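Everything below concerns the one structure shown next.
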Amino acid sequence: MTDVEPQVQRKIIHVDMDAFFASVEQRDNPALRGKPVAVGGSRQRGVVAAASYEARQFGVRSAMPSVTAARKCPQLIFVPARFEVYRQVSNQIRDIFAFYSDLVEPLSLDEAYLDVTQDKQRIGSATGTAQRIRQDILAQTQLTASAGISYNKFIAKIASDQNKPNGMCVIRPREGARFVASLPVRRFHGVGPRTAERMARLGIHTGADLCAQSLDDLQEHFGKSAQYLYDASRGIDHRQVKANRVRKSVGRERTFAEDLFSSDALRAALAEVLDSVWQRIQANAAVGRTVTLKVKFADFRQITRSQSVYEPVADRARFEQLAYQLLDQVTPVERGVRLLGVTLSSLVHNDAPTPPGCVRDANDKSVDRVASQLAGFVQTTFDF
């Protein structure tokens with residue numbers, strides 16, 4: 001007998017578009033196909049927002065300074081980002097998801113979790129459903145997607161990266177622990193370079209090494225992350241797929257082709273950023289209480305200034321007023337400014353569906369305790 005209530009064994013698909021922004025650009029411009037492409041930035045400055053697989057072969061990655069990317073790949077082609085186009089394509093893809101599942105949790109424009117435990121289209125298996133989704137995406141958008149299929153979100157997300165691009169990977173419940181044991185710890189969500197270095201000093205290099213640690217030892221070295229690491233290293237993750245996850249903030253930032261010095265130039269640049277952010281705020285049908293200004297200087301030093309108000313910021317005039325007040329706090333500037341960003345947070349949402357671009361919630365606390373593990377699952381007839 002067990003005091004743990006049996007749970008339905010979930011079938012989770014994580015779909016991840018292949019080099020999404022860059023692939024859209026190659027689709028729309030045949031001259032770019034088969035060539036190394038970077039979306040965003042330029043040879044002189046900026047940051048790469050996305051890189052094609054041809055560029056990745058040279059070590060070009062998203063979030064890399066453009067100058068570094070150009071040095072790694074001299075033939076790299078820089079193209080400006082077209083976020084409105086990417087959102088339109090993302091909406092097409094989400095319509096496809098909705099056909100196969102009522103439980104879809106977008107993580108960004110190019111990836112999402114789907115809970116297909118209920119076989120909405122009576123396909124007969126989660127693997128078959130994932131294949132149909134990928135086929136529909138290709139037919140409707142001329143773009144490829146990769147998918148991971150498993151019994152929980154943690155493993156499904158890792159699995160979607162196993163056979164990229166344009167591939168699938170299925171990890172069944174009986175395979176989960178063994179699969180996780182073989183992984184480098186760097187592939188665990190939330191384990192960044194610094195955490196990986198700390199683990200290496202403790203002799204922890206793989207999921208198997210992590211699984212060998214006691215919960216007490218993990219708590220001693222990794223604090224609040226200990227329970228997550230303990231569970232994940234055993235292939236355990238009971239988080240549910242949450243449809244229409246609410247955004248926590250809305251913001252945009254812009255890197256300038258030339259450094260800005262004068263207050264007038266900064267105010268004019270900020271006005272353009274505010275235009276873009278306000279469009280997103282309206283699309284989210286949301287208001288917020290905190291406005292944050294981000295400023296990056298020519299020497300890459302970065303500062304932020306925030307102001308929270310009691311009454312939610314419900315109109316553009318108030319939003320602009322607060323943003324300009326924050327700008328006034330940092331002007332005049334001695335060094336040139338290369339980037340400005342504005343974010344509205346502490347959002348209060350009206351009853352509207354969450355639009356494209358939902359953010360991850362890396363601190364989801366819904367993971368059940370290890371006591372439940374896998375023994376309490378009820379097998380459904382819908383196969384993997």
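Take I236 and tell me if it is over 19 Å from the mean Cα position of the chain (by Cα), among the β-branched types (V, I, T) and closer than 30 Å to Q118 by Cα. Talk me through it step by step, then tell me what you get.
Details: over 19 Å from the mean Cα position of the chain (by Cα): yes; among the β-branched types (V, I, T): yes; closer than 30 Å to Q118 by Cα: yes.
Criteria met by I236.
Evaluate the following for Q57: is it touching a helix residue (DSSP H, G or I) at 6+ places or on another chain (Cβ under 9 Å) and among the polar types (S, T, N, Q)?
no
For V250, state whether it is surrounded by 16 or more Cβ atoms within 10 Å (Cβ to Cβ), within 22 Å of the chain's Cα centre (by Cα) and not polar (S, T, N, Q). Judged against the criteria, V250 is a match.
Annotation: P106 fulfils all but one of (1) farther than 30 Å from V277 by Cβ; (2) out of contact with any His (no Cβ under 8 Å at 6 or more places or on another chain); (3) not charged (D, E, K, R); the unmet one is (1).
Restricting segment 156-184 to residues that are more than 19 Å from the chain's Cα centre (by Cα) and aliphatic (A, V, I, L, M), which is farthest from K224 (Cα to Cα)? Only one residue fits best here, namely M168. Count of segment 253-287 residues, restricted to those that are in a strand (DSSP E or B), farther than 21 Å from A81 by Cβ and under 22 Å from the mean Cα position of the chain (by Cα), is 1.
Out of segment 200-218, which residues are under 20 Å from R178 (Cα atoms) and of a type outside the set (V, I, T)?
Step one: of segment 200-218, the residues under 20 Å from R178 (Cα atoms) are 203-215.
Result: G203, H205, G207, A208, D209, L210, C211, A212, Q213, S214, L215.
Only one of the numbered conditions (1) touching a residue at least 40 places away in the same chain (Cβ under 8 Å); (2) touching a helix residue (DSSP H, G or I) at 6+ places or on another chain (Cβ under 6 Å); (3) part of a helix (DSSP H, G or I) is not met by G235, and that is (3). For segment 156-170, a residue qualifies if it is farther than 16 Å from I236 by Cα, buried (at least 20 other Cβ atoms within 10 Å of the Cβ) and not hydrophobic (A, V, I, L, M, F, W, C), and exactly one does: S160.
Table: residues versus (1) of a type in the set (V, I, T); (2) assigned to a loop (DSSP other than H, G, I, E, B); (3) in the same structural domain as E105 (by TED's automatic domain parsing); (4) within 20 Å of D383 (Cβ to Cβ).
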position: L138; (1), (2), (3), (4): no, no, yes, no
position: L143; (1), (2), (3), (4): no, yes, yes, no
position: A147; (1), (2), (3), (4): no, no, yes, yes
position: A156; (1), (2), (3), (4): no, no, yes, yes
position: N166; (1), (2), (3), (4): no, yes, yes, no
position: V180; (1), (2), (3), (4): yes, no, no, no
position: R186; (1), (2), (3), (4): no, no, no, no
position: G190; (1), (2), (3), (4): no, yes, no, no
position: A196; (1), (2), (3), (4): no, no, no, no
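Here's the yes/no breakdown for (1) surrounded by fewer than 19 Cβ atoms within 10 Å (Cβ to Cβ); (2) among the aliphatic types (A, V, I, L, M); (3) within 17 Å of L293 (Cβ to Cβ); (4) in contact with an Asp or Glu (Cβ under 9 Å, 6 or more places away or on another chain):
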| residue | (1), (2), (3), (4) |
| --- | --- |
| K224 | yes, no, no, no |
| Q227 | yes, no, no, no |
| A232 | no, yes, no, no |
| A257 | yes, yes, no, no |
| A271 | yes, yes, yes, yes |
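Looking only at residues in segment 301-334 that are assigned to a loop (DSSP other than H, G, I, E, B) and charged (D, E, K, R), the one that is surrounded by the most Cβ atoms within 10 Å (Cβ to Cβ) is D315. Which members of segment 127-144 meet the condition of being touching a residue at least 12 places away in the same chain (Cβ under 8 Å) and either of a type in the set (D, E, K, R) or over 14 Å from L114 (Cα atoms) (or both)? Correct list: R132, R134, D136, I137, Q140, T141, Q142, L143, T144.
The values are calculated or read from the model by the stated rules, or taken from the named source; none is laboratory data. Please read these numbers as outputs of a predicted model, since none were measured by experiment. Note that we place each Cβ from the backbone using ideal geometry, even for glycine, and neighbour counts take in every protein chain shown.
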